[in-house]
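Chemist: One structure coming up, written as structure tokens, with questions to follow.
The values are calculated or read from the model by the stated rules, or taken from the named source; none is laboratory data. None of the values given here were measured: they were computed from a predicted structure. Cβ: placed from backbone, ideal geometry, glycine included. Neighbour counts: every protein chain shown. Please note that ligands, DNA and RNA were not included when accessible areas were found on the heavy atoms of the full protein model with its side chains. Shrake-Rupley method; radii C 1.70, N 1.55, O 1.52, S 1.80 Å.
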Amino acid sequence: MNLTEPHPAANLHRQDGGRSGRRRPPRTPKGRQVDPTALAEVGALLGERERRRDLLIEHLHLIQDRYGYLSAGHLAALAQEMRLALTEVYEVATFYAHFDVVKEGETPPPPVTVRVCDSLSCALAGAERLFEQLPTKLGGGVRVVRAPCMGACDQAPVCAVGHTQIFQAKAAGVVAAAAKPAHPHVYPTPATFDAYVRDGGYELLKACVAGKRTRDDIIKLVSDSGLRGLGGAGFPTGRKWSLVRAERAPRLFAVNADEGEPGTFKDRHYLERDPHRFIEGMLIAAWVVEAPDTYIYIRDEYPEVRLLLAEEFAKVEEAGLAKHSRLHLRRGAGAYICGEESAMIESIEGKRGLPRHRPPYVAQVGLFGRPTLEQNVETLFWVRDIVEKGVDWFTSQGRHERKGFRSFSVSGRVKNPGVKLAPAGVTARELIAEFCGGMADGHTFKAYLPGGASGGILPASMADIPLDFGTLEKYGCFVGSHAVVILSDKDDMKAVALNLLRFFEDESCGQCTPCRVGTEKAAQLMANGPWDAALLVELSALMRDASICGLGQAAPNPLLCVLKYFPDDLTKPLGRW
């Protein structure tokens, strides 16, 4: 072709005014189109609320609570309202277990969902049979799904109809609740704000804020008492406060009320019964580290506690007791991994709960990139009493050369499960006999979990070891959050370990391959049997050495303990409850 001559198509341009040779502009913008009705609905739900990125999970809850699921149309509308990429909204919504994402063309879930806890304490109490019975008894229109620990292990088995938990659940009771769902409510009668103030509450906080007490004085008292982080890590509290204070301002404060370790329910116990003792300790800690903002992250399985705290925070603020630190109550969405401090911070920021690599540590670079103090509920609960009653009052408690109080969440095969305030260093045998009324009728003590799902399993022959930080590590276990599950001669240790491994498999955040694939592979090998000890030990070593956070590192503990301490159970067929 002669390059000086016009292209043959040029004549077409001339004949139709040049329209057919041009690319026509699209009638609509690129990407998923936002349905006007969905946009109006989401806009009405959000109302005057800010559209900040860190509020994404809160806004997803609004939609889920109103409609029972998250539709594609509502997610697209939320993305537009918040000026986020739709992928950012989807990745968060699909990460958390309590969000039901319904894609285009999919059928929405039934209006009522029944969640059956299948964690160890509930499994021991018959949750598996209940799960098998409910679909037939409930019929259509109700969805029955498995759920991890709901933080009511002393009331096992537990179900949740919507947001209402049913304790010691029976099929008939669940059916009745599903027919007429109730609203969340607080089960015990909590100490009121007025009653707490009449008993001298908040006087210590007022003295601190008024300058009558110094920060160094408070830190010294807490340090001398030996108070440690009681969420599981056991880091000295006074030292943590000093480390955070040494970082440059502004510093922030994040409170971990997301206890999700199977067997643990002590934080719930204290929040339901005496919330203001916790709140005063929290406000004192915020004053000590000079945090202008305090974020309280509470698990979604505790809706009644969340509503209670919202009401009590309002009373505290109205009384002018929180002028030095703004209180932000944030709601989890069903992710055990968010009990890990950096994953919790990611979730508070409105993102997936993926643990961060360290260093830097949270005390250096935490929430919104600022130095952050992170504390557990029970740790803060003891602050007021330690300062007012003195170090000697706290350290005078203890057994077997240990000092202080410990709150043990005890469940399983005992007569009287529950939260037991006992001396630090108490043994499992003492705990059963003195605090739990002995073993349940017809059961003989066989084994125990000293620290929840991740703390390992020990035989009854080793039940005289003091239960405290640093006493169990040489046996491949740890006390962690002091969740003690008692097992009997009726329980198969292989089935116990498999139940725990399946929990970790389900709760792995998926960020690192050793944990994501390792927990799945271990559960498969254990379920299919016979157990190949050498292969399982090799897999466990890989998970321990290469996982990013404590979930993958501790997940093999139950498995390894069964291999080490219960050889007789290895020769038996895999049992079930």
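Chemist: Among the residues of the stretch 401-439, write down those that are more than 23 Å from residue 471 (Cα to Cα) and either basic (Lys, Arg) or buried (at least 22 other Cβ atoms within 10 Å of the Cβ) (or both).
Modeler: Those that are more than 23 Å from residue 471 (Cα to Cα) and either basic (Lys, Arg) or buried (at least 22 other Cβ atoms within 10 Å of the Cβ) (or both): 413, 414, 415, 417.
Chemist: Here is a further query. If we only count helices (runs of 4 or more DSSP H) wholly inside the stretch 36-142, which ones have 2 or more residues that are under 27 Å from residue 153 (Cα atoms) and aliphatic (A, V, I, L, M)? Break it down stepwise before answering.
Modeler: Working: elements: 36-46, 56-67, 72-82, 86-93, 120-124, 127-138.
Result: 120-124, 127-138.
Chemist: For the stretch 418-467, which positions are in a strand (DSSP E or B) and not aliphatic (A, V, I, L, M)?
Modeler: Narrowing the stretch 418-467 to residues in a strand (DSSP E or B): 418-423, 439, 445-449, 458-459.
If the condition is that a residue be in a strand (DSSP E or B) and not aliphatic (A, V, I, L, M), then 418, 420, 423, 445, 446, 448, 459 are the ones that fit.
Chemist: In the stretch 171-205, what residues are at pLDDT 95 or above and assigned to a loop (DSSP other than H, G, I, E, B)?
Modeler: Result: 199, 200, 201, 202.
Chemist: Scan the stretch 221-236 and tell me whether some residue there is in a strand (DSSP E or B) and farther than 20 Å from residue 384 by Cβ. Before you say what the answer is, go through the steps one by one.
Modeler: Pass one, the stretch 221-236, residues in a strand (DSSP E or B): 228, 236.
From the residues that got through so far, the ones that are farther than 20 Å from residue 384 by Cβ too are none.
No, the conditions are met nowhere in the stretch 221-236.
Chemist: Looking at (1) more than 15 Å from residue 468 (Cα to Cα); (2) surrounded by 20 or more Cβ atoms within 10 Å (Cβ to Cβ); (3) modelled with pLDDT under 95, can you tell me which one residue 398 breaks?
Modeler: Here residue 398 clears every test but (1).
Chemist: Please state which of the following conditions residue 178 fails to meet, knowing it meets all the rest: (1) surrounded by fewer than 19 Cβ atoms within 10 Å (Cβ to Cβ); (2) over 22 Å from residue 415 (Cα atoms).
Modeler: (1)
Chemist: What's the number of the condition residue 151 fails, among (1) touching a Pro at 6+ places or on another chain (Cβ under 8 Å); (2) in a loop (DSSP other than H, G, I, E, B); (3) open to solvent by less than 10 Å² (accessible area, probe 1.4 Å); (4) not β-branched (Val, Ile, Thr)?
Modeler: All conditions are met except number (1).
Chemist: Go through (1) closer than 30 Å to residue 226 by Cα; (2) touching a helix residue (DSSP H, G or I) at 6+ places or on another chain (Cβ under 9 Å); (3) of a type in the set (Asp, Glu) and name the single condition residue 468 misses.
Modeler: (2)
Chemist: While we're here: Among the helices (runs of 4 or more DSSP H) contained in the stretch 362-403, which hold 1 or more residues that are under 15 Å from residue 283 (Cβ atoms)?
Modeler: On the way: elements: 377-381, 383-389, 391-395.
Where helices (runs of 4 or more DSSP H) fall fully within the stretch 362-403 and carry at least 1 residues being under 15 Å from residue 283 (Cβ atoms), they are 377-381, 383-389.
Chemist: Mind listing whichever residues of the stretch 550-559 are touching a residue at least 40 places away in the same chain (Cβ under 8 Å), within 16 Å of residue 354 (Cα to Cα) and in contact with a Lys or Arg (Cβ under 9 Å, 6 or more places away or on another chain)?
Modeler: Selection gives 552 alone.
Chemist: Just one of 93, 85 is without any contact (Cβ under 8 Å) to a residue 40 or more places away in the chain and crowded, with 20+ Cβ neighbours inside 10 Å; which is it? Explain how you work it out, then say what you get.
Modeler: On the way: 85 fails: crowded, with 20+ Cβ neighbours inside 10 Å.
That would be 93, the only listed residue that is without any contact (Cβ under 8 Å) to a residue 40 or more places away in the chain and crowded, with 20+ Cβ neighbours inside 10 Å.
Chemist: Is it the case that some residue within the stretch 561-576 is modelled with pLDDT under 95 and polar (S, T, N, Q)?
Modeler: For the stretch 561-576, residues modelled with pLDDT under 95 and polar (S, T, N, Q): present.
Chemist: Hey, another quick one. Cβ-Cβ under 7 Å, sequence separation 6+ or interchain: first residue in the stretch 96-122 and without any contact (Cβ under 8 Å) to a residue 60 or more places away in the chain and open to solvent by 10 Å² or more (accessible area, probe 1.4 Å), partner acidic (Asp, Glu) and not in a strand (DSSP E or B). Which pairs?
Modeler: 109/100
Chemist: Another question, then. Picking from 126, 162, 139, which residue would you name as being over 30 Å from residue 270 (Cβ atoms) and surrounded by fewer than 22 Cβ atoms within 10 Å (Cβ to Cβ)? Give the steps one after another, and end with the answer.
Modeler: Values: 126 fails: over 30 Å from residue 270 (Cβ atoms); 162 fails: over 30 Å from residue 270 (Cβ atoms).
One residue alone meets the criteria, 139.
Chemist: Of everything in the stretch 97-126, what is closer than 14 Å to residue 63 by Cα and in contact with a Leu (Cβ under 8 Å, 6 or more places away or on another chain)? Give them in sequence order.
Modeler: Of everything in the stretch 97-126, those that are closer than 14 Å to residue 63 by Cα and in contact with a Leu (Cβ under 8 Å, 6 or more places away or on another chain) turn out to be 99, 100, 101, 102.
Chemist: Of everything in the stretch 525-553 that's over 20 Å from residue 334 (Cα atoms) and within 21 Å of the chain's Cα centre (by Cα), which residue is surrounded by the most Cβ atoms within 10 Å (Cβ to Cβ)?
Modeler: The selected residue is 547.
Chemist: Return the total of residues in the stretch 456-465 being surrounded by fewer than 21 Cβ atoms within 10 Å (Cβ to Cβ) and of a type outside the set (Gly, Ala, Ser).
Modeler: So the answer is 4.
Chemist: Are there any pairs with C-beta distances below 8 angstrom linking a residue in the stretch 405-432 that is aromatic (Phe, Trp, Tyr) to a residue that is outside any strand (DSSP E or B) and open to solvent by less than 10 Å² (accessible area, probe 1.4 Å), with the two at least 6 apart or on different chains, and if so which?
Modeler: Short answer, once both residue conditions are applied: 405/394; 405/424; 408/266; 408/426; 408/431; 408/467; 408/482.
Chemist: Looking only at the stretch 268-303, how many residues end up being out of contact with any helix residue (DSSP H, G or I) (no Cβ under 7 Å at 6 or more places or on another chain), crowded, with 18+ Cβ neighbours inside 10 Å and over 25 Å from residue 239 (Cα atoms)?
Modeler: 5
Chemist: Would you mind finding the one in 447, 497, 453, 522 that is farther than 18 Å from residue 544 by Cα and either crowded, with 20+ Cβ neighbours inside 10 Å or out of contact with any helix residue (DSSP H, G or I) (no Cβ under 9 Å at 6 or more places or on another chain) (or both)? Give the derivation first.
Modeler: Working: 497 fails: farther than 18 Å from residue 544 by Cα; 453 fails: farther than 18 Å from residue 544 by Cα; 522 fails: farther than 18 Å from residue 544 by Cα.
Being farther than 18 Å from residue 544 by Cα and either crowded, with 20+ Cβ neighbours inside 10 Å or out of contact with any helix residue (DSSP H, G or I) (no Cβ under 9 Å at 6 or more places or on another chain) (or both) holds for just one of 447, 497, 453, 522, which is 447.
Chemist: Another one. What is the residue count in the stretch 211-254 for residues that are of a type in the set (A, V, I, L, M) and open to solvent by 40 Å² or more (accessible area, probe 1.4 Å)?
Modeler: Kept after step one, since they are of a type in the set (A, V, I, L, M), are these residues of the stretch 211-254: 218-219, 221-222, 227, 230, 233, 243-244, 246, 249, 252, 254.
From what is left, the residues that are open to solvent by 40 Å² or more (accessible area, probe 1.4 Å) are 233, 243, 246, 249.
Residues that pass the stated criteria total 4.
Chemist: Here's another thing I want to ask about it. Pick out the one residue from 468, 464 that is over 27 Å from the mean Cα position of the chain (by Cα), of a type in the set (D, E, K, R) and modelled with pLDDT of 95 or more.
Modeler: Numbers: 468 fails: over 27 Å from the mean Cα position of the chain (by Cα).
Testing whether each residue is over 27 Å from the mean Cα position of the chain (by Cα), of a type in the set (D, E, K, R) and modelled with pLDDT of 95 or more leaves just 464.
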